[in-house]
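A short reminder: the numbers here are calculations on the coordinates, not readings from a lab. Model, not experiment: these values are computed from the prediction. All Cβ positions, even for glycine, are placed from backbone atoms using ideal geometry, and neighbour counts span all protein chains on display.
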Amino acid sequence: MKLVIDEGRCKGCNLCTMVCPYRIFQPGTILNRRGIVVPVLDRPERCTNCRLQKLHGRTLCGMCQMICPDQAVRWDEERLFERHRMAIEF
Ligand code: SF4
Ligand code: SF4
């Protein structure tokens with residue numbers, strides 16, 4: 001699974017940057033076409049959901065998704081044979 005911020009929905013409130021225990025969401029610096037500074041993801045493969053959501057069959061942690069007022073955070077299925085990075089933190 002791949003963590004995604006939907007740029008079409010995000011309003012740049014940065015609430016997500018305050019709740020992630022891994023600090024995966026970081027304040028962005030670049031204005032997008034809508035004039036919004038969308039947060040950036042720092043090594044999102046560290047997210048518990050990216051690596052374990054399927055194994056457990058439910059959303060784990062999920063604080064970023066819960067706090068987002070615009071439903072802009074989601075996890076996408078990775079395509080078959082898509083290259084992806086793995087990270088495990090203890
Ligand atoms: S689900 Fe939890 S660990 Fe994963 S990005 Fe969101 S807040 Fe961070
Ligand atoms: S909480 Fe949602 S709307 Fe706010 S910056 Fe994060 S992704 Fe964007």
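Of (1) surrounded by fewer than 13 Cβ atoms within 10 Å (Cβ to Cβ); (2) within 16 Å of ligand 2 (Cβ to nearest atom); (3) more than 14 Å from Met1 (Cβ to Cβ), Phe81 satisfies all except one. Which? Tallying (1) surrounded by fewer than 13 Cβ atoms within 10 Å (Cβ to Cβ); (2) within 16 Å of ligand 2 (Cβ to nearest atom); (3) more than 14 Å from Met1 (Cβ to Cβ), Phe81 fails exactly one: (2).
Does Arg23 qualify as being in a loop (DSSP other than H, G, I, E, B) and either touching a strand residue (DSSP E or B) at 6+ places or on another chain (Cβ under 7 Å) or within 15 Å of ligand 1 (Cβ to nearest atom) (or both)? Spell out the reasoning first.
Numbers: in a loop (DSSP other than H, G, I, E, B): yes; either touching a strand residue (DSSP E or B) at 6+ places or on another chain (Cβ under 7 Å) or within 15 Å of ligand 1 (Cβ to nearest atom) (or both): yes.
Against the criterion (in a loop (DSSP other than H, G, I, E, B) and either touching a strand residue (DSSP E or B) at 6+ places or on another chain (Cβ under 7 Å) or within 15 Å of ligand 1 (Cβ to nearest atom) (or both)), Arg23 qualifies.
A count restricted to the range 38-67 and to residues that are among the aliphatic types (A, V, I, L, M) and not in a helix (DSSP H, G or I) stands at 4. Could you list, in sequence order, the residues of the range 45-71 that are within 15 Å of ligand 2 (Cβ to nearest atom) and more than 14 Å from Cys20 (Cβ to Cβ)? Matches in the range 45-71: Pro69, Asp70, Gln71.
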